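Engineer: This is the structure I want to talk about, given as structure tokens.
The values are calculated or read from the model by the stated rules, or taken from the named source; none is laboratory data. It should be emphasised that the depicted structure is a prediction, and the values quoted were computed from it without experimental measurement. Note that we place each Cβ from the backbone using ideal geometry, even for glycine, and neighbour counts take in every protein chain shown.
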Amino acid sequence: MADKALIQALVEAWGPSGHEYMVRALIESHVRELADELRVDNAGNLICRMGSGGKKIMIAAHMDEIGLVISALDKPGFARFTMTGGLILLSLIGNRVRFADGTIGTIGVEGTALIPTEMPTIQQLFIDFSTNGENGGTVRVGDHAALTREFAVRGDRLIAKSMDDRIGCAVAIEAMRALKGKNLPNELYFVFTTQEEVGIRGARVAANGIAPDYGIALDVTATGDTPKNNRMAVRLGGGAAIKVVDSGHIVPPAIKELMIRRAEAAGVRYQLEVLSGGSTDAAAIQTALSGIPSGVISIPCRYVHTTSETVDINDVQACIDLLVALLEQPFEV
Amino acid sequence: MDIKAHLKTLSELHAPSGYETAAREAILAAWQPLTDAQETSRMGSLIAYKYGSGAQPRRKIMLCAHMDEIGMIVSHMEGAFLRVGELGGIDSRAIVGKPVLVHTRDGALQGVVGVRAPSMLSSSERRRYPSLEEIHIDLGLSAEEVARRVRVGDIITMDLPLLDLQDRRVAGKAMDDRACVAVVTACLDALQRLKHTWDVLAVASVQEEVGLHGARAEAYRLNPDIAIALDVTFAPQPNVPSPTFELGSGVPLALGANFHPALFEAIKKTAERLEMTLPIEPVPMASGTDAWAIQISRDGIPTALLGIPTRNMHTTVETVDLRDIERGGRLLAEFIAALDDQFLTEIVWDAPERTEKKDG
Amino acid sequence: MAELLSLRETLKKLSEAIGVSGEERQVRQALLELTKDRLEDVVIDTMGNLTARLKGGQANALRVMLSAPMDEIGLMVSGSENFLSVLPVGRLDMRYVAAARVLIGAQKLNGVVLFAPIHKTYGQDELPEPKSILIDTGGKNSAKVGERVAFVGNYAELSADVVRGKAFQSRAACAVLVRLIEMLAQAPLPLDVYVAFTAQARIYGRGATVAANRLKPQIAFLLDGAECDDLPRPEGDTQLPTVRLGGGTVLRAAEEMGIPDQRLLTYVRNIAESQGLPYQIDISEAYGTENANISQTQTGVPSVSLSVPVRYMSSPNGLVSLADLEHTQRLLHAALTALTPKLLEN
């Protein structure tokens, strides 16, 4: 079953968009012995090649998490901020963020009301990083921070911040472990990308550099299985989600069908995903150069972009199994 | 060439963004006898080559019209009914009560776009159109049958034939942009009777409606010397502000930042030579067409945009005038026939000779 | 001898016929062709109703009227320049009008309802007024003021049982009545049966008023369509449907314009139970039938409606279940078979 310790280490690591270096170092420590070749490109992407000859396949999972940037200092010990990526403002109040040096900040909202009656604007929020009296710590304008929350397990459910997309990174690493030592029919590029949350930027640069024949992104997707929400067919425990379409990307039907064939042949539980909001690194890969047909294996996830993103370990394992089944056989599209 | 029959075939086939196979096959059948070689790109676009008579290395002109239409996709099942997501900008207001096809593994199922009965609506809901989340697809089957035959991800298209109107006008779905594909066909047909030295690369691009993806990929790969994109433009009707272009009154040529000014002038000259009315379409910024993606590919490609006036865009009664299609095809063919070795040197942005000399 | 069509074929022929309220000529003609061999005393009266007496009726028997509406909602040309301006005929559901295809006049000229492209009207979701509808025929001045405009349906069999098409509210009822006429002609009952294919049902049921005035029945059975509400509801709306497609004949316990005759309603319901025929009770008041017109005419006629469930009833593409039509035909036939004057005693 999927490696919970690996997942915990990844989700608890610090890496808001543009500042992925700690996550990259952590991932590097896990894949150094697995890859034939390792390099970091100009956008900070960690590119790991396994195998040579055959079709070039780029597998992308993004290292960055949503975060925020200090935009101005307020009273001593308080600061104002802007977002990097799609933070859910309502879920920030009373939540905690962590800076690169480990400083913990708390997010508050202006005003005297104990309970806000309106949706706050970002201008009405602030970070409290005070240490004592009127002093603050070493936070400066331009410092980045990410949400912080410990990893938790409840039965088969794994709950943490930045499952988006550290769980994708975990799936990639576990696939690399499973494929190590095997005779690979394809040339695989496992790319741990940067700045996905602020415009799928890392993946685009990586794809331009690698010029693969096909792309596969690994990322979370939403579910339709919570109260008064049945907008989607995807549910926790329903297996690996094979993406059909999202708002940035239409998976070529031939790739979708290949994934279904591989899943059925390997006995991997799967479900089909149509997502009406959101996109992944695959959208950047597919539109790079002269077009690179790309698919996505999605990990179903509740409460995306909160500090309690929830996945099911069986779905995670199914994603690993599906990815391995795809990559250890010829990519026949 | 029977433009109406060709357009009827194109309008009635089913090929939404990302799933253009049926369109590609029909267009291939039409373009094969008119061109020297054809291929399908990695993203699924169709490229047909008509080689010029000049000596190698020959210059290349790319003509680009998109073959994808807007459509829907099954996002989940609700008992006997289907809920949908969009493939391209489908207008939920214009599809209510109209027939659809749901394309399953085992063939197409007929159905209808359904909405709640008036008794099921609140008073405010009764005053407005439904959103895409509020409509459903009704196949007239039981929930068990639907679960057995339909899957999440099955595509859904509108299912209506081409309608003949008066005065050589027709109404149907997917005139955006298959009417312009027909212009390219008409151009290739006219080129059978004209000599041309440049290579013509006719591209039926994919996924324009979801982000110009086909055109971007093909411009990068084919790297033509110049490109002319074709897309529908707005004809006059209530609630559509000017500029608009009346059906049958000429094929507008776009002017603006998205288009190379000297290429614009060259096409305009061809129209004048043919004594063809050429309305100008002012496009100050983005054109919202394949031209936007093509223009900035690699070292930059001089690009132009030709329009086919259309009423009721993005509905199943998009209305065009067959004469506009014929004229567009002829204008393109004559322009191509006049292209020579010198052309690229003539369409520089600011030729030194054209700089105003200071007095004195 | 009129060609005997199956229920399926009858329904298709009638659904595709044109007959906008006030100008029912074409569908009336089609109905006459289908039934004239079984009818005598055929009259097309001042409202355009097609009324007749079934051949073989017994002069002193209970005088029964069977009716079904012929007409459909549509439009009327009010002006003709670049585009045709129109006015509504009947109560339109404006959700179905955008980008619709229409046929204009007796010559059935093709037209399309204009709809501004989403690029220019993004976010505007308010339903327009019917008087803002404009029709493009491709030409100018192409129709005369006063001509009727009908919507185009796309008739199709979605399965062995479910059919898609236009104007089922009236034409499914007519199809049932046509088949019932044939059934009664084969095996006549001891009744004096009159049939009325009524005009202008969609204009407050006024054709039915005149038909009942003229025919003066002792009992009336009305066939009609009833709107289904077995459709997906938003989360949180937990109401159960009252009218389902395939759920059987709809008997109305209450209506917009009045309450049906309780003796007759109970009688028909009991017949349905004893025959094992499916039925549904509808109490929604959104749409009335011609019941009020007939039951309140002159000295009053006891009447009851038997309706065929229709999904998307005001749409050019509604759905009916052929099983529902057949069950309705059998139910009405059984009700007529067991009918005696005793029923009208209090």
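Engineer: Name, by its number, the condition in (1) touching a Pro at 6+ places or on another chain (Cβ under 8 Å); (2) closer than 30 Å to residue A:285 by Cβ that does not hold for residue A:163.
Structural biologist: Condition (1) is where residue A:163 drops out.
Engineer: Follow-up question, since we're still on this one. Return the total of residues in region C:266-325 being of a type in the set (Val, Ile, Thr), within 14 Å of another protein chain (Cβ to nearest Cβ) and in a strand (DSSP E or B).
Structural biologist: First pass over region C:266-325, keeping only residues of a type in the set (Val, Ile, Thr): C:266, C:268, C:271, C:281, C:283, C:289, C:294, C:297, C:299, C:301, C:304, C:308, C:310, C:320.
Those still in the list that are within 14 Å of another protein chain (Cβ to nearest Cβ) too: C:283, C:310, C:320.
Next, from what is left, pick out any that are in a strand (DSSP E or B): C:310, C:320.
Going through region C:266-325 one residue at a time, the tally reaches 2.
Engineer: Can you name the residue in region B:234-261 that is buried (at least 19 other Cβ atoms within 10 Å of the Cβ) and out of contact with any Lys or Arg (no Cβ under 8 Å at 6 or more places or on another chain) and is also farthest from residue B:291 (Cα to Cα) among such residues?
Structural biologist: B:245
Engineer: Can you tell me which residue within region C:127-150, out of those that are more than 16 Å from residue C:75 (Cβ to Cβ) and at pLDDT below 95, is farthest from the other protein chains (Cβ to nearest Cβ)?
Structural biologist: Looking at the filtered set, the residue picked out is C:141.
Engineer: With the requirement that a residue be part of a loop (DSSP other than H, G, I, E, B) and surrounded by 22 or more Cβ atoms within 10 Å (Cβ to Cβ), what does region A:289-304 give you?
Structural biologist: A:291, A:292, A:301 - these are the residues of region A:289-304 that are part of a loop (DSSP other than H, G, I, E, B) and surrounded by 22 or more Cβ atoms within 10 Å (Cβ to Cβ).
Engineer: Oh, and also: For region A:265-288, enumerate the residues that are crowded, with 21+ Cβ neighbours inside 10 Å, within 13 Å of chain B (Cβ to nearest Cβ) and among the polar types (S, T, N, Q).
Structural biologist: A:271, A:286, A:287
Engineer: Output the strands (runs of 3 or more DSSP E) that fall wholly within region A:1-94 and possess 2 or more residues being closer than 25 Å to residue A:221 by Cα and in contact with an Asp or Glu (Cβ under 9 Å, 6 or more places away or on another chain), or say none.
Structural biologist: Working: elements: A:37-40, A:46-50, A:56-62, A:67-73, A:78-84.
Of the strands (runs of 3 or more DSSP E) lying wholly inside region A:1-94, those with at least 2 residues that are closer than 25 Å to residue A:221 by Cα and in contact with an Asp or Glu (Cβ under 9 Å, 6 or more places away or on another chain) span A:46-50, A:56-62.
Engineer: Looking at A:262, A:231 in this structure, which one is crowded, with 16+ Cβ neighbours inside 10 Å, assigned to a helix (DSSP H, G or I) and either within 12 Å of another protein chain (Cβ to nearest Cβ) or in contact with a helix residue (DSSP H, G or I) (Cβ under 6 Å, 6 or more places away or on another chain) (or both)? If you could, list the steps in order and put the result at the bottom.
Structural biologist: Numbers: A:231 fails: assigned to a helix (DSSP H, G or I).
Result of the check over A:262, A:231: A:262.
Engineer: Does any residue in region A:225-239 that is touching a residue at least 24 places away in the same chain (Cβ under 8 Å) and on the phi > 0 side of the Ramachandran plot come within less than 7 Å, Cβ to Cβ, of a residue that is in a loop (DSSP other than H, G, I, E, B) and surrounded by fewer than 18 Cβ atoms within 10 Å (Cβ to Cβ) six or more places away or on a different chain, and which pairs are these?
Structural biologist: Correct list of pairs: A:239/A:269.
Engineer: Related question: Those residues that are among the β-branched types (Val, Ile, Thr) and closer than 10 Å to residue A:213 by Cα, I need them from region A:286-296; list them, please. Spell out the reasoning first.
Structural biologist: From region A:286-296, those among the β-branched types (Val, Ile, Thr) are A:287, A:292, A:296; that's our starting set.
Within region A:286-296, A:292 is the sole residue that qualifies.
Engineer: Sticking with this one: Considering only residues that are in contact with a Ser or Thr (Cβ under 7 Å, 6 or more places away or on another chain) and not basic (Lys, Arg), which ones fall in region C:143-172?
Structural biologist: Scanning region C:143-172 gives C:143, C:145, C:153, C:155, C:161, C:162, C:165, C:167, C:168.
Engineer: Looking at A:64, A:36, which is the one that is at pLDDT 95 or above and within 26 Å of residue A:138 (Cα to Cα)? Before the answer, list the steps.
Structural biologist: On the way: A:36 fails: within 26 Å of residue A:138 (Cα to Cα).
The conditions single out A:64.
Engineer: I need every pair where a residue in region B:234-255 that is more than 8 Å from chain C (Cβ to nearest Cβ) and in a strand (DSSP E or B) has its Cβ under 7 Å from the Cβ of a residue that is of a type in the set (S, T, N, Q) and surrounded by 15 or more Cβ atoms within 10 Å (Cβ to Cβ), sequence separation at least 6 or different chains.
Structural biologist: Note: pairs meeting the criteria are B:254/B:287.
Engineer: If you don't mind, another one. Kindly provide the set of residues from region B:209-233 that are within 24 Å of residue B:35 (Cα to Cα) and either outside the structural domain of residue B:42 (by TED's automatic domain parsing) or outside any helix (DSSP H, G or I) (or both), ordered by number. Please lay out each step first, then the result.
Structural biologist: First, pick out the residues of region B:209-233 that are within 24 Å of residue B:35 (Cα to Cα): B:214-231.
The answer is B:223, B:224, B:225, B:226, B:227, B:228, B:229, B:230, B:231.
Engineer: Would you mind finding the one in B:168, B:126 that is surrounded by 18 or more Cβ atoms within 10 Å (Cβ to Cβ), among the basic types (Lys, Arg) and more than 7 Å from chain C (Cβ to nearest Cβ)? It would help to see each step written out before you state the result.
Structural biologist: Values: B:126 fails: surrounded by 18 or more Cβ atoms within 10 Å (Cβ to Cβ).
Only one candidate passes the filter, namely B:168.
Engineer: Which one is farthest from the other protein chains (Cβ to nearest Cβ) among residues in region B:80-89 that are surrounded by fewer than 24 Cβ atoms within 10 Å (Cβ to Cβ) and within 23 Å of residue C:117 (Cα to Cα)? Step through it out loud before you land on a result.
Structural biologist: Taking region B:80-89 and keeping what is surrounded by fewer than 24 Cβ atoms within 10 Å (Cβ to Cβ), we get B:80-81, B:86, B:88-89.
Pick out the ones that are also within 23 Å of residue C:117 (Cα to Cα) and you get B:86, B:88-89.
Values: B:86: 8, B:88: 9, B:89: 6 Å.
Among residues in region B:80-89 that are surrounded by fewer than 24 Cβ atoms within 10 Å (Cβ to Cβ) and within 23 Å of residue C:117 (Cα to Cα), the one farthest from the other protein chains (Cβ to nearest Cβ) is B:88.
Engineer: Search region B:190-208 for residues being part of a loop (DSSP other than H, G, I, E, B) and buried (at least 24 other Cβ atoms within 10 Å of the Cβ), and hand back the single one that is nearest to the other protein chains (Cβ to nearest Cβ).
Structural biologist: The initial filter retains those residues of region B:190-208 that are part of a loop (DSSP other than H, G, I, E, B), namely B:194-198, B:206-208.
Those left that are additionally buried (at least 24 other Cβ atoms within 10 Å of the Cβ): B:198, B:206-208.
Values: B:198: 22, B:206: 9, B:207: 7, B:208: 12 Å.
In this case the residue turns out to be B:207.
Engineer: Right, here's the next one. Restricting the search to region C:157-187, which residues are over 17 Å from the mean Cα position of the chain (by Cα) and assigned to a loop (DSSP other than H, G, I, E, B)?
Structural biologist: From region C:157-187, those over 17 Å from the mean Cα position of the chain (by Cα) are C:157-162, C:182-187; that's our starting set.
If the condition is that a residue be over 17 Å from the mean Cα position of the chain (by Cα) and assigned to a loop (DSSP other than H, G, I, E, B), then C:158, C:159, C:160, C:161, C:187 are the ones that fit.
Engineer: Right, something else. Taking region A:241-258 as the search range and keeping residues that are farther than 18 Å from residue B:75 by Cβ and not in a loop (DSSP other than H, G, I, E, B), which one is farthest from the other protein chains (Cβ to nearest Cβ)? Write out each step before concluding.
Structural biologist: Looking only at region A:241-258, we keep the residues that are farther than 18 Å from residue B:75 by Cβ, and these are A:252, A:254-255, A:257-258.
Add one more test, that the residue is not in a loop (DSSP other than H, G, I, E, B), and what stays is A:254-255, A:257-258.
Working: A:254: 9, A:255: 11, A:257: 10, A:258: 14 Å.
Of everything passing the filter in region A:241-258, A:258 is farthest from the other protein chains (Cβ to nearest Cβ).
Engineer: Could you check region C:112-125 and list, in sequence order, the residues that are within 29 Å of the chain's Cα centre (by Cα), free of Cβ contacts under 8 Å to residues at least 24 places away in the same chain and facing chain B (nearest Cβ under 7 Å)?
Structural biologist: Residues of region C:112-125 that are within 29 Å of the chain's Cα centre (by Cα), as a first pass: C:112-115.
Narrowing further to those that are free of Cβ contacts under 8 Å to residues at least 24 places away in the same chain: C:113, C:115.
Matches in region C:112-125: C:115 only.
Engineer: Take the conditions surrounded by 19 or more Cβ atoms within 10 Å (Cβ to Cβ) and among the β-branched types (Val, Ile, Thr) and apply them to residue A:333. Does it pass?
Structural biologist: Against the criterion (surrounded by 19 or more Cβ atoms within 10 Å (Cβ to Cβ) and among the β-branched types (Val, Ile, Thr)), residue A:333 does not qualify.
Engineer: Same structure again: Among the residues of region B:96-118, write down those that are facing chain C (nearest Cβ under 8 Å) and either touching a residue at least 24 places away in the same chain (Cβ under 8 Å) or in contact with a strand residue (DSSP E or B) (Cβ under 7 Å, 6 or more places away or on another chain) (or both).
Structural biologist: As a first pass, look at region B:96-118 and keep what is facing chain C (nearest Cβ under 8 Å): B:96-99, B:109-112, B:114-118.
Matches in region B:96-118: B:96, B:97, B:98, B:99, B:109, B:110, B:111, B:112, B:114, B:117.
Engineer: Which condition number in (1) under 20 Å from residue B:160 (Cα atoms); (2) without any contact (Cβ under 8 Å) to a residue 24 or more places away in the chain is the one that residue B:32 fails?
Structural biologist: Unmet for residue B:32, out of (1) under 20 Å from residue B:160 (Cα atoms); (2) without any contact (Cβ under 8 Å) to a residue 24 or more places away in the chain: (1).
Engineer: Still on this structure, I have one more. Which members of region C:188-214 meet the condition of being surrounded by 20 or more Cβ atoms within 10 Å (Cβ to Cβ) and either part of a helix (DSSP H, G or I) or within 14 Å of another protein chain (Cβ to nearest Cβ) (or both)?
Structural biologist: Of everything in region C:188-214, those that are surrounded by 20 or more Cβ atoms within 10 Å (Cβ to Cβ) and either part of a helix (DSSP H, G or I) or within 14 Å of another protein chain (Cβ to nearest Cβ) (or both) turn out to be C:207, C:208, C:209, C:210, C:211, C:212.
Engineer: Another question, then. Looking at this structure, is residue C:154 polar (S, T, N, Q) and within 14 Å of another protein chain (Cβ to nearest Cβ)? Walk me through how you get there before you give the answer.
Structural biologist: Values: polar (S, T, N, Q): yes; within 14 Å of another protein chain (Cβ to nearest Cβ): yes.
Spelling it out, residue C:154 is indeed polar (S, T, N, Q) and within 14 Å of another protein chain (Cβ to nearest Cβ).
Engineer: Among the residues of region A:188-204, are any part of a loop (DSSP other than H, G, I, E, B), surrounded by fewer than 24 Cβ atoms within 10 Å (Cβ to Cβ) and at pLDDT 95 or above?
Structural biologist: no
Engineer: Considering (1) surrounded by fewer than 24 Cβ atoms within 10 Å (Cβ to Cβ); (2) within 10 Å of another protein chain (Cβ to nearest Cβ); (3) under 19 Å from residue C:15 (Cα atoms), say which one residue C:83 fails and leave the rest.
Structural biologist: Failed condition: (3).
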